[in-house]
């Protein structure tokens with residue numbers, strides 16, 4: 001699986017990152033190496049939790065629109 005992440009410079013120093021395909025999947029780090037490592041952990045944790053959610057109770061729907 002390949003996911004795109006956006007890495008931002010933090011105002012107070014360091015970096016923070018988000019994965020837009022995984023809502024709420026964000027992390028931070030003091031260096032680029034640290035934020036990349038933390039990003040791997042955040043994605044794995046997000047996916048583990050998502051796999052535990054019962055899809056039968058999910059109310060959100062993904063639809064595709066042609067414009």
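Please treat every number below as a calculation from the coordinates, not as lab data. Owing to the predicted nature of the structure, the values given are computational and were not obtained by experimental measurement. Every residue, glycine as well, gets a Cβ built from its backbone with ideal geometry; the counts of neighbours run over all protein chains shown.
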Self-check item: Candidates 43, 53, 26, ranked by Gaussian network fluctuation over the chain, Cα under 10 Å, top entry
Solution: 53
Quiz item: Between residue 31 and residue 44, what is the spin-label point distance in nm, taking each point 7 Å from the Cα along the Cα→C-beta axis?
Solution: 2.0 nm
Self-check item: the chain: most fluctuating residue of 48, 34, 12 per GNM, C-alpha cutoff 10 Å
Solution: 12
Quiz item: Separation between the residue 52 and residue 6 pseudo-spin-labels, each 7 Å from Cα along Cα→Cβ, expressed in nm?
Solution: 2.9 nm
Quiz prompt | 10 Å-binned pair-distance histogram of segment 6-53 (Cα, whole percent) | solution = 30, 49, 18, 3
Practice problem: Could you check which residue among 35, 49, 19 shows the biggest mean-square fluctuation in a GNM of the chain with a 10 Å Cα cutoff? | Solution: 49
Practice problem: Note the angle between two axes, namely the Cα long axis of helix 32-52 and the longest principal axis of the Cα atoms of the chain, as a number of degrees from 0 to 90, rounded to the nearest 10. | Solution: 20 degrees
